[in-house]
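The values are calculated or read from the model by the stated rules, or taken from the named source; none is laboratory data. It should be emphasised that the depicted structure is a prediction, and the values quoted were computed from it without experimental measurement. All Cβ positions, even for glycine, are placed from backbone atoms using ideal geometry, and neighbour counts span all protein chains on display.
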């Protein structure tokens, strides 16, 4: 997927006030995330309405002919006038370097400018490795280089020399002039006319979408005309057979979202409905549920668009989190557009490779800032009103290996903070011992588990050390998970003994085993903190020649329930400190 638009800054547009708001760098998929009325749609609206087929030549024709959507007064920030609405477009410094080399070569085939000269010039233009070009949105005119901090007056001799060399190369018939009147502005003029500052068609997909009736024009992305458009690519003419590839791609996506490899779209002769062949039946698409209807419509819009800039309002509407992820994967791998998406969804924040921008309302003005780190993404979730993970309705989550761990943990938390209630103040979830004991630190399942940390920073994990002695080390997978969970407000608790059961006093374990295995329990095999404390020797049976043997797999859940009938001994190892740490995390999450 090509990146057409690299960066955009706005002033005095809709909720964005006089203070310049910058979104950069853009990726193939760009997410503007924020609560209602924060102004997250401002960037999408500007891109869709003001940057359609943008170029310097097009800008001039728009100024003269007003052929595109003009800037309405309602688009202007309150208290400002239309002439105050400015926008800046960004290009990476290395692109400017390429442009100068290409332009020089076009003027003098085989001629190469000194890279040092180009570097001096591009370093002068750039701020944080980006070069910004400023424009008036209302007057359709180029205003200058750089953001507010750029000062073209303070120029040293090396910059002047480099600029003159570049200018003379670009304009070989010129040999005199001055820096501020000729060399600099005319060199910039050559840059802004380049292909890299030309944008493709922009497409806007509104939040309200519904497949329309046959005979409607396919003019927007609301769903009108979609049936006729799909019919065209289902059975294209002889000279347009390549269009069927798009129809096949949409069908492949239908397989993915329905989980049925036989699922197939069909547009019948009367074009009254979009039909789906599935499980030996023929059904209207709408009968599969609103979510499938919505996601197929979005996939169709984005497949039919080719190498465009596509702006989508709230694609998550009616979509289960798994469908949201599948849609993002489809857009990234099966389409050729660049996407700008306004969303409330915490699920979309983890889209691989996407650029995320946090939009919020501060003192009545829209502000935009990048959100690339987990802590920045957590702030987005907090701003959206997510006090918990999108997976469970609890303010904090504690991950444990299995059900018996949950029984102990609830018992210990209740002993210190009886007011804390599972399911209300915290939730306990299971990750299974295999994840951390038998997988490598870089395994995909471990990576997916760590990603949960990005959705809710009030997470804790309890891990059996599995150490057999004081000198033993925990494996790399456990180390990595601990590093991630210990960030910010998280807690990673590695048991001080071998397993969580080593926090139970020996006499309590023995009493539970005697009660549960009254007919077979003889004695504990070992009682050290690095031993399997639940393993016990069995009594020999009355059968002739029978041996005692060892029970290495007692029922952990039965044992835990029995142990928790008594008050816990929080003095065992580091139990008191670790449970208090968990309680503090839960209390912070519920403030």
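Brief remarks follow.
- Residues that are modelled with pLDDT of 85 or more and under 26 Å from residue 275 (Cβ atoms), drawn from the stretch 204-232: 205, 206, 226, 227, 228, 229, 230, 231, 232
- Any hit, the stretch 533-556, residues being assigned to a helix (DSSP H, G or I) and in contact with a helix residue (DSSP H, G or I) (Cβ under 7 Å, 6 or more places away or on another chain): yes
- Residue 46 being within 20 Å of residue 133 (Cβ to Cβ) and part of a helix (DSSP H, G or I): yes
- Across the stretch 264-291, the qualifying residues are those that are crowded, with 21+ Cβ neighbours inside 10 Å and under 32 Å from the mean Cα position of the chain (by Cα), and the one among them that is farthest from residue 228 (Cα to Cα) is 276.
- Test: residue in the stretch 178-186 that is more than 19 Å from residue 6 (Cβ to Cβ), in contact with a helix residue (DSSP H, G or I) (Cβ under 8 Å, 6 or more places away or on another chain), surrounded by 14 or more Cβ atoms within 10 Å (Cβ to Cβ) and modelled with pLDDT under 85: no
- Residue 436 over 21 Å from the mean Cα position of the chain (by Cα), crowded, with 16+ Cβ neighbours inside 10 Å, in a helix (DSSP H, G or I) and at pLDDT below 80: yes
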